[in-house]
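Comments concern the structure below.
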Amino acid sequence: MTNHPIRAVVTDIEGTTSSIAFVKDVLFPYARQRLAGYVAEHSDEAAVQSALAEARTLAGQPTLSQDETIALLQGWIDADRKATPLKTLQGLIWEDGYRSGTLKGDLYPDAAEFLARWRNEGLSLYVYSSGSVLAQKLIFGHTEFGDLTILFSGFFDTTVGAKTDHASYAAIAEVAELPPFRILFLSDNTAELDAAREAGMMTIALDRGEAVLPEGHGHPVARDFSEIDALAGTLKA
């Protein structure tokens, strides 16, 4: 720990609080299989039409038909593209799945335990993920540990900026009303950690056996949340 105690923690989801396999092998296929049917059933809803229009604009193909736009979005799912309109639609589809009980939020027990502990100790907690804010709230709101959304002071997605852009982290710090050096960012992605560090945040990499961390990345590494306090010093508000 530096001489500046951490006052807030910002956490990634995939590979950090939740397994990469859950996102890749459960959530993505679930949304892909239901995308066409969901769009057809909800095509008159403003959120769906807006997402389709934004996808066409982003692709530079404003005249795509609905079916062609769906095919475009499915291709983006396969390529794991971090596109906001895709994330919006995925979140809406997952919402149906969580509400029906088909989906259950995947969360590592150590993440649930330490997030609750840090919040009880007075730290502010935030989520920053490429998944939509809706998708984030669904994962944390439907866990075997109960609704954990109440632990968080805010949720951020790609509408705040790219996760590899230091300006995104500066914007998060501004919303949190804290100087960046009072904030700890957790992720399994070193490009994201580099951007957060450039913005002035403290960083810790999570390596749960799924991460690919390049040599010499320069970030402290924790195998799970139980090791974070020791790496960062005791986290106190």
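The values are calculated or read from the model by the stated rules, or taken from the named source; none is laboratory data. Treat the numbers as computed from the prediction; the structure is a model and nothing was measured. Because the Cβ atoms are built from the backbone with ideal geometry, glycine has one as well, and the counts that use them run over all protein chains shown. To get the accessible areas, we keep the full protein, side chains included, count just its heavy atoms, and leave off ligands, DNA and RNA. Shrake-Rupley method; radii C 1.70, N 1.55, O 1.52, S 1.80 Å.
Listed here are the residues, each with its yes/no results for (1) in contact with a strand residue (DSSP E or B) (Cβ under 7 Å, 6 or more places away or on another chain); (2) of a type outside the set (F, W, Y); (3) at negative phi.
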{"position": "T63", "(1), (2), (3)": "no, yes, yes"}
{"position": "R81", "(1), (2), (3)": "no, yes, yes"}
{"position": "D96", "(1), (2), (3)": "no, yes, yes"}
{"position": "G101", "(1), (2), (3)": "no, yes, no"}
{"position": "L115", "(1), (2), (3)": "yes, yes, yes"}
{"position": "N120", "(1), (2), (3)": "no, yes, yes"}
{"position": "L123", "(1), (2), (3)": "yes, yes, yes"}
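Scanning for something under 19 Å from the mean Cα position of the chain (by Cα), of a type outside the set (G, A, S) and at pLDDT below 95, does segment 158-180 turn up at least one residue? The answer is yes; a qualifying residue exists. Test Q136 against the stated conditions and say whether it is touching a residue at least 60 places away in the same chain (Cβ under 8 Å), within 18 Å of the chain's Cα centre (by Cα) and over 29 Å from R182 (Cα atoms). Answer is no for this residue.
From the list K24, K87, K82, the one residue that fits, being buried (at least 17 other Cβ atoms within 10 Å of the Cβ) and either out of contact with any Leu (no Cβ under 8 Å at 6 or more places or on another chain) or outside any helix (DSSP H, G or I) (or both), is K87.
State yes or no: is A55 open to solvent by 60 Å² or more (accessible area, probe 1.4 Å) and either at pLDDT 95 or above or among the aromatic types (F, W, Y) (or both)? So A55 does not fit the description; no.
Name the residue, out of V133, V175, that is out of contact with any helix residue (DSSP H, G or I) (no Cβ under 7 Å at 6 or more places or on another chain), surrounded by fewer than 17 Cβ atoms within 10 Å (Cβ to Cβ) and among the hydrophobic types (A, V, I, L, M, F, W, C).
Selected residue: V175, the only one of V133, V175 that is out of contact with any helix residue (DSSP H, G or I) (no Cβ under 7 Å at 6 or more places or on another chain), surrounded by fewer than 17 Cβ atoms within 10 Å (Cβ to Cβ) and among the hydrophobic types (A, V, I, L, M, F, W, C).
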